[in-house]
Amino acid sequence: MIARRGLFGLAAAALPVAARAQGAAWTPGRAISIVVPYPAGGPTDALARLVAAEMARDLGTAVVVENVAGGGGAIASVRVARGPADGTQLILASNQTHATNISLLPNGGGYDPVRDFRPVAGMADLQHLLVVRPEIAATDVAALLAMARAEPGRLTCASTGQGSASHLTLELFRAKTGVNMVHVPYRGTAPMMNDLMGGHVDLSFATTPSVLGQIQAGRLRALAVASPNRSPHLPQLPTMAEAGVQGVEADAWFGLFAPAGVPEPALARLRALALAAIGRESVREPVTRSGMTVNVRDADAMGRFLEEDIRRWAEVIRVADVKPE
């Protein structure tokens, strides 16, 4: 499906010819900033910098990356939502900032991801892998479910925090399977990995970059990928649906958004620039190498997907009564 794994050429062709021509005439009056709602370093920051460099080259204007961490991404999101609506400030939004915060944070974090923003382009995903420590006897999802059902509440599942993407993936898995596992939240990836590797917890839904090396070294066992698509990094690994559990698709995603009110000529050119950037091998190859999966969506596809994702996670959060830390 193009909406899930679009090709740059098709996505760019989907832009109306008039909009592309109109957008080509727009130039910013000053440097463009891409606000990243997370600290510098890591695959998200790298993605932003690769795209910024390509956009700057095509535009002939500086495109800088600004890291504004904190508040689960809400601080950066509010800043961009209330910032200049002239095309000079964008945000590299995520499933956290634009799909789950609205249901998790008081007053949605102070912004509305649909009302206050306009999609520019979907960029990439981080797939969640179901991993277990090697001492767990289960070698596939069916065996793990049998263990969980035989001894309800014995298996412990680590996450990177209450209300995090890994926690919500667990809640989605529990909702679809009915198994009783104990959730053990940590404050970030590093402490979670330390306890998982140390045998203090049994399993986790973890992003590919955080566990790929441990899987390849045999220190963790991957059972499935919680995605509609197999992992390009572990192509032999089944999807959750292929492993017999339907509806557990929980890719963390990243896309560029502009504040509402940006003029259409500016939006049209920004969209074309972003699609061109993510379509180049100079961006796609290092992004894939970092453990992410390139997933191009044009603005229309990104807008439709966003509204679906908001509804989907709102239901998971409501049913599981998830509260943020």
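Inspect all residues belonging to segment 100-108 and state whether any of them is free of Cβ contacts under 8 Å to residues at least 24 places away in the same chain and of a type in the set (S, T, N, Q).
Looking for residues that are free of Cβ contacts under 8 Å to residues at least 24 places away in the same chain and of a type in the set (S, T, N, Q), one finds at least one in segment 100-108, hence yes.
Residue-by-condition table, conditions (1) at pLDDT 95 or above; (2) of a type in the set (Phe, Trp, Tyr); (3) surrounded by 24 or more Cβ atoms within 10 Å (Cβ to Cβ); (4) not assigned by TED's automatic domain parsing to the domain that holds residue 259:
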residue: 119; (1), (2), (3), (4): yes, no, yes, no
residue: 122; (1), (2), (3), (4): yes, no, yes, no
residue: 133; (1), (2), (3), (4): yes, no, no, yes
residue: 136; (1), (2), (3), (4): yes, no, no, yes
residue: 139; (1), (2), (3), (4): yes, no, no, yes
residue: 143; (1), (2), (3), (4): yes, no, no, yes
residue: 148; (1), (2), (3), (4): yes, no, no, yes
residue: 152; (1), (2), (3), (4): yes, no, no, yes
residue: 157; (1), (2), (3), (4): yes, no, yes, yes
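Tell me, yes or no, whether segment 70-81 has at least one residue that is under 22 Å from residue 210 (Cα atoms), assigned to a strand (DSSP E or B) and touching a residue at least 12 places away in the same chain (Cβ under 8 Å).
No; the residues of segment 70-81 include none that is under 22 Å from residue 210 (Cα atoms), assigned to a strand (DSSP E or B) and touching a residue at least 12 places away in the same chain (Cβ under 8 Å).
Table: residues versus (1) within 20 Å of residue 177 (Cα to Cα); (2) aliphatic (A, V, I, L, M).
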{"site": "197", "(1), (2)": "no, yes"}
{"site": "205", "(1), (2)": "yes, no"}
{"site": "212", "(1), (2)": "no, yes"}
{"site": "233", "(1), (2)": "no, no"}
{"site": "237", "(1), (2)": "yes, yes"}
{"site": "243", "(1), (2)": "yes, yes"}
{"site": "247", "(1), (2)": "yes, no"}
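Would you pick out the residues in segment 99-135 that are in contact with a Gly (Cβ under 6 Å, 6 or more places away or on another chain) and closer than 15 Å to residue 167 by Cβ?
Residues satisfying the conditions are 101, 104.
Pick from segment 279-316 the residues that are part of a helix (DSSP H, G or I) and in contact with an Asp or Glu (Cβ under 8 Å, 6 or more places away or on another chain): which of them is farthest from residue 41 (Cα to Cα)? Spell out how you get there, then give the answer.
Start the filter on segment 279-316 by keeping residues that are part of a helix (DSSP H, G or I), which leaves 281-289, 299-316.
Next cut, in contact with an Asp or Glu (Cβ under 8 Å, 6 or more places away or on another chain) only: 282-283, 316.
Numbers: 282: 19, 283: 16, 316: 30 Å.
Step by step, filter segment 279-316, then rank; the result is 316.
Select, from 256, 234, the only residue that is farther than 29 Å from residue 76 by Cβ and either small (Gly, Ala, Ser) or outside the structural domain of residue 166 (by TED's automatic domain parsing) (or both).
Numbers: 256 fails: farther than 29 Å from residue 76 by Cβ.
Result of the check over 256, 234: 234.
Looking only at segment 279-309, count how many residues are over 14 Å from the mean Cα position of the chain (by Cα) and closer than 22 Å to residue 77 by Cα.
The total comes to 8.
Which numbered condition in (1) crowded, with 22+ Cβ neighbours inside 10 Å; (2) closer than 23 Å to residue 209 by Cα is the only one that residue 258 fails?
(2)
Against the condition surrounded by fewer than 24 Cβ atoms within 10 Å (Cβ to Cβ) and either within 22 Å of residue 227 (Cα to Cα) or without any contact (Cβ under 8 Å) to a residue 24 or more places away in the chain (or both), how does residue 162 come out, does it pass?
Spelling it out, residue 162 is indeed surrounded by fewer than 24 Cβ atoms within 10 Å (Cβ to Cβ) and either within 22 Å of residue 227 (Cα to Cα) or without any contact (Cβ under 8 Å) to a residue 24 or more places away in the chain (or both).
Residues that are farther than 30 Å from residue 259 by Cβ, at least 1 per element: which strands (runs of 3 or more DSSP E) completely within segment 107-223 meet that?
128-132, 156-159, 182-185, 203-207
Determine, yes or no, whether residue 82 is farther than 18 Å from residue 192 by Cα and either crowded, with 19+ Cβ neighbours inside 10 Å or at pLDDT 95 or above (or both).
Taking the combined requirement at face value, the residue satisfies it.
The values are calculated or read from the model by the stated rules, or taken from the named source; none is laboratory data. Fair warning: this is a prediction, and the values are worked out from it, not measured in the lab. We place every Cβ from the backbone using ideal geometry, glycine too, and count neighbours over all the protein chains shown.
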